[in-house]
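Working notes, structure below.
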Amino acid sequence: MARQETEGTEETDDIDDAEESLDPTDVLRQLAGLLGGGARIDVGDMQVHGQNATGHGALAIGTVNVTAAAAAAGGRVWSETLSEASVREVTTAYAPAVSDQQLDRQLKQRHLVCLSGSTGTGRFTSAIVTSARRHGLDRVGVLGIEQLADLLSSDSGPRRGCGYVLRVSDETVRSVDGYTLVALAARAEADEVTLLLVGDFSRRIRDLSGHVVEHRPAPAEEVFRMRLRRELAGRCVDFCAGGCDGACVERYVDEECGRHPMLAAYLSGEPRPREVVAVVEAIAQTAPRAGALTDRLAELLPRQLRERAARILDAEDGAGTSLGWSPTQVRAFRLCCAILAGLTTSEIRLAADRLVSAGEPVQSAAAPVRLRGTTLDELLGPTLRASVMVSGDEWTMGGVQLQFAPGSEELRSAVLDAAWTDWWPPRVLLGWLADLVRAEQPEVRQAAAGAVGWTAGRNVQAALDTVRELARERRAGVRQAAAIALVAMAMQPRLRQRVRSEMDSWSAGSAAHLRDTVARAHQLGLARLWPDAALVQLRLVASARMQRWNNSVVRGLVEVYQGGHAAALVSDLADWTRSPDREVRLHAARALRVLAERWARPPREQWPELLDHARTGVITPDDLATLWATSLSLPETAYRAWRTLGFWLNRADGQPEVAGYVLALLRLVVSGRPPLRRRLDHQLRHVWRSVMPRNALLDDVGRLICEDKT
């Protein structure tokens, strides 16, 4: 049976808690990263050797045709010369990388260069094309080795005058030293060849200074256009009358695909070149148009994203074996990486241990190891590791930080979906997330709250029940997290009516903590989505005495104002001042005091923003005067309000137009309000005159005070 909504009527104070001051824009951005917009795709990397080096796994773009292969050093070194036709095919569809010019300069000066980049970014293709520019289309080769030192042997195989590309493993990158590179460079110079080592040297840039060039791929849109033109070359895609001259391909690429909203959103996320190639190949099969193209993308992108998430959580790749971790522990760790993206490995590890305990109480704890370097790479697995960025700061408190790379954010939602449907019962996941929301670390609470909001898309009632329990908590930080969960739910269009109905019930009820959570949700960005509902719900919440010690109502009102609804807000607040409920009047006064400190944007920065709105007719001077009168009269707001009004007068001095509007507003404020006129006179004589002795506008204020005196 549901709990009675009466326990909060006592208006209890908050328990001291590590509640953070959050920026609504940051909250919405972080939730968008978890909830996702359009789907993104990724494919796994293919490591190939010898004559199997074919397909876009060997080259991010194009097919490698081997024309010659040689083995030396007892089979420890092999070399392949690529055919001129295959290299020309690659260069024709190649979108120049931003780093190509730097790589060309380095290759002219040195015989050995390390090209650093992560897998799937087109680094290998860039090395092939650079070697072709340096030596010619028919003199590009690929090397394979067991150990880098094997290249120093006398019979290592490369033929003179060629440019060779060697893909090196992460283990080789970690073990190579400067002396080995110098020796290899000398050997390459003696053999009259150039050698491009391709790998992830990001952690060795300082150690190998001078030898490393960071690969910066071309923009995704450029890669897409170049590749699609190449795939469609020689085809007619528009039933051209009188013979096809190829113009239809350009129109298809630029207009049909270039202007498609799903493709535009996908490419704006800067997916990796290998991801773009997969999309291009799917489109090029039939060159669909309009609705058919939309249907193809809607089928392709989510499916590949879901398959990728399934590979991540499958955890059957032997990860964690060397550490004594079970597949369940590895799976939980990877799920936590998706939910707690941006946090440290220590926090992720603790959350994963909680999930394992929740699902399997008898499961033994994971071995205490430092989660960084090769250990972390093993736990993440190749698919997830290719999508996250690991902080290079080895001194980060609590371990290194994990963050999803730009363009891979939607994978977080896909991993959650795979966990929800394939691996853990919903009750276990929701209970675990609620446990994280009650954690001590604010960042963990907020990230878990976003995941609770995500679950509403799968079971809205279960998610709302969970949030309701969290919203009843006396800890303010937990209620703040519950509000984040409500915002995450409302960001999903099909849930909005259900969430709004629930919040209407909470704001009209008697449970103080539930009402406080409603105000916090509007404060954290929900007021931007529902300005009308925010004004109604916040007025109900404002009547609670508990809000005297919180700023959530006022901050929610400011969110309505910043959302472009100044007219509706000021009109409603003026009506609040006429409420018989003193608490409601107090919040109207507090809101005025906060808004009065905002100034118009240049070139009208000398204008108070509210006064500028009154000048342009956005709000009425009478409503503004009513709010000022209330704020100047109530003891709780009077001190700050009079100070702000004095600042208005100070800024208006020497600005005739602004001064005229300030005086007109003051006239409306004191008109028919003798107590305020007397207080204004006191303020002028005993405060402003001494603080602003040279302000000529104060003389006009003095004359205004005497206007109605008899």
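For this structure, a couple of remarks:
- Residue 126 falls short on exactly one of the conditions (1) open to solvent by less than 10 Å² (accessible area, probe 1.4 Å); (2) out of contact with any Pro (no Cβ under 9 Å at 6 or more places or on another chain), and that condition is (2).
- Count - residues of region 562-598 that are under 19 Å from residue 664 (Cβ atoms) and of a type outside the set (A, V, I, L, M): 0
- Among the numbered conditions (1) open to solvent by 20 Å² or more (accessible area, probe 1.4 Å); (2) part of a helix (DSSP H, G or I); (3) of a type in the set (Ser, Thr, Tyr), the only one that residue 202 does not meet is (2).
- Which listed residue, of 149, 188, 241, is surrounded by fewer than 18 Cβ atoms within 10 Å (Cβ to Cβ), aliphatic (A, V, I, L, M) and part of a helix (DSSP H, G or I): 149
- Of the residues 541, 553, the single one that is of a type outside the set (Gly, Ala, Ser), assigned to a helix (DSSP H, G or I), in contact with a Ser or Thr (Cβ under 6 Å, 6 or more places away or on another chain) and at pLDDT below 90 is 541.
- As a summary of the residue check, residue 456 satisfies the conditions (1) at pLDDT 85 or above; (2) touching a helix residue (DSSP H, G or I) at 6+ places or on another chain (Cβ under 6 Å) except for the one numbered (1).
- Residue pairs whose Cβ atoms lie under 7 Å apart, separated by 6 or more positions or on different chains, with the first residue in region 698-710 and over 14 Å from residue 678 (Cβ atoms) and the second in a loop (DSSP other than H, G, I, E, B) and at pLDDT 80 or above, are 698/692.
- On inspection, residue 281 does not qualify as farther than 27 Å from residue 409 by Cβ and at pLDDT 75 or above.
- Some residue of region 482-505 being closer than 16 Å to residue 337 by Cα and surrounded by fewer than 23 Cβ atoms within 10 Å (Cβ to Cβ): no
- Scanning region 102-117 for residues that are among the charged types (D, E, K, R) and without any contact (Cβ under 8 Å) to a residue 60 or more places away in the chain yields 104, 105, 108.
- If the condition is being open to solvent by 80 Å² or more (accessible area, probe 1.4 Å) and out of contact with any strand residue (DSSP E or B) (no Cβ under 8 Å at 6 or more places or on another chain), then region 205-238 contributes 206, 207, 209, 216, 221, 234, 235.
- Filter result (touching a residue at least 24 places away in the same chain (Cβ under 8 Å), in a helix (DSSP H, G or I) and among the basic types (Lys, Arg)) within region 285-308: 306, 308
- Residue that is surrounded by the fewest Cβ atoms within 10 Å (Cβ to Cβ), among those in region 521-578 that are closer than 19 Å to residue 625 by Cβ and polar (S, T, N, Q): 571
- Residue count, region 168-184 (criterion: open to solvent by less than 30 Å² (accessible area, probe 1.4 Å) and either within 21 Å of residue 99 (Cα to Cα) or in a loop (DSSP other than H, G, I, E, B) (or both)): 3
- When residue 411 is tested against (1) in contact with a helix residue (DSSP H, G or I) (Cβ under 8 Å, 6 or more places away or on another chain); (2) open to solvent by 20 Å² or more (accessible area, probe 1.4 Å); (3) at pLDDT below 85, exactly one condition is not met: (2).
- For region 593-608, a residue qualifies if it is open to solvent by 30 Å² or more (accessible area, probe 1.4 Å) and part of a helix (DSSP H, G or I), and the qualifying residues are 593, 594.
The values are calculated or read from the model by the stated rules, or taken from the named source; none is laboratory data. Treat the numbers as computed from the prediction; the structure is a model and nothing was measured. Using ideal geometry, Cβ is built from the backbone for each residue, glycine included, and neighbour counts are taken over all protein chains shown. Ligands, DNA and RNA are excluded from the accessible area calculation, which covers all protein heavy atoms including side chains. Shrake-Rupley method; radii C 1.70, N 1.55, O 1.52, S 1.80 Å.
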